[in-house]
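The values are calculated or read from the model by the stated rules, or taken from the named source; none is laboratory data. The model shown is predicted, which means the values in this text are computed figures rather than measured ones. Positions of Cβ are backbone-derived with ideal geometry, glycine not excepted, and every protein chain shown enters the neighbour counts.
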């Protein structure tokens, strides 16, 4: 598998995927901290993790989840012409493997064949 992170055609998308991963890592860290402080019970809430978290924590979690989605969407908008979606998924996965990711960000995947 060639390293797509060195391909200049994807530099703008790579920056956006990296910011999506960063927001996702921050979200996951805050979620883990909040679960430890406030308990892992109650209703699941998408983006906010748990309904019983304090309002400010839920707001911060929601903001980070939205930021991750926004950066990810922007990366896809910056897909070069004539590039397959599968290639963009590989770019996202390589960024995630390089930078690390949280729950919402691009996910690393195994590349056995290309």
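Quick check on residue 98: is it surrounded by 14 or more Cβ atoms within 10 Å (Cβ to Cβ), at pLDDT 95 or above and out of contact with any strand residue (DSSP E or B) (no Cβ under 7 Å at 6 or more places or on another chain)? In short, no. Sub-6 Å Cβ pairs linking a first residue in segment 71-87 that is more than 13 Å from residue 4 (Cα to Cα) to a second residue that is in a loop (DSSP other than H, G, I, E, B), at least 6 apart or interchain, number zero. Scoring residue 93 on the criteria (1) assigned to a helix (DSSP H, G or I); (2) touching a residue at least 24 places away in the same chain (Cβ under 8 Å); (3) within 17 Å of the chain's Cα centre (by Cα); (4) surrounded by 16 or more Cβ atoms within 10 Å (Cβ to Cβ) leaves a single failure, condition (2). The residues on offer are 51, 56, and the sole one that is without any contact (Cβ under 8 Å) to a residue 12 or more places away in the chain and in contact with a strand residue (DSSP E or B) (Cβ under 6 Å, 6 or more places away or on another chain) is 51.
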